[in-house]
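Below is one structure, written out as structure tokens; the observations come after it.
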Amino acid sequence: MRIMSPFVMVCLWSSEAFAATVDPSGTEMTLWQTLVAGGMVMIVIGILSIIAGAIIIYDFWNLKVEKLTPRRFFQEVTRKLEEKNLKDARVMCLKENNNIIARIVLAGLDKLKKGQTDVKESVEHQARIEIGNLWQNLSYLSDIVAVAPLLGLLGTVLGMIQAFHAVPLQSAAVKTTLLAAGISKAMVATASSLIVAIPVLMAYSYFRGRVQQLTTVIEMYTTETIRMLEKL
């Protein structure tokens, strides 16, 4: 199944509005011609939309409580620790190293294996790293939300400069038509940047709730892990 970026999806939904753009000759422009008229900035906006789409797909499939912090796995590890079966607990964590709980428990077990007493510090440090990674991944979406409209504004300003620069070179009869067409093309960059930024902002708000939920679960499991390891 092919998944399109937010930019492409919304552009297709709004194709009728874009197709209504006309060039100075009075002929109607296609969606592709309208996007090309936005200038070189449109390439960067398009790249940002692809990156945003990839991040959204990744977060949708991976930012899940049961995938990153599986309760069943934690219960099994807890049982091994209560039985003081550290070898089996370590093997479990190594096999399931793709979830956050396994990495946190493993960090504590490594300290026990070395005979050190700062288990709490090690576990809490690993938990902070895991939580930081979750928020860092999410911050990329917020960066795109901030940068895309600025790129759109830049494209519009550059387009306006070109439009006003071309008008004095023409006769009075065509100045109004050229200016209107030039402004219309210049605004394509701003519209496209908003088409990217708005869906990405909605995705960011949704995934922020998931990360907050994961943070709460990680903190709870971290506290319980420390309590069990300090008894060993």
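Along region 75-80 the Karplus relation, 6.51 cos²θ - 1.76 cosθ + 1.60 evaluated at θ = phi - 60°, assigns HN-Hα couplings of 5, 5, 5, 4, 5, 5 Hz to successive residues, with x for each Gly and Pro.
So between residue 84 and residue 205, what do we pick up on full extension, going 0.36 nm a residue minus the alpha carbon distance?
Additional length available on full extension: 39.3 nm.
With neighbour counts taken as other beta-carbon atoms within 10 Å, the residues 144, 226 rank, fewest first, as 226, 144.
Does region 67-127 classify as rounded, prolate or oblate by the C-alpha gyration tensor (a ≥ b ≥ c root eigenvalues; a/c under 1.5 gives rounded; else a/b over b/c gives prolate, otherwise oblate)?
Numbers: a/c = 1.86, a/b = 1.25, b/c = 1.49.
Verdict is oblate for region 67-127.
Think of each Lys and Arg Cβ as +1 and each Asp and Glu Cβ as -1; about the Cα centre, that makes the dipole of region 67-127 roughly 180 debye. Normalised by the number of residues in region 67-127, the mean separation of alpha-carbon contacts (under 8 Å, six or more apart) gives a relative contact order of 28 percent.
Laboratory data are not the source of any read-out in this text; all were calculated from the coordinates shown. A quick note: this is a predicted structure, and the numbers were derived from the prediction, not measured. Neighbour counts run over all protein chains shown; Cβ positions are idealised from the backbone, glycine included.
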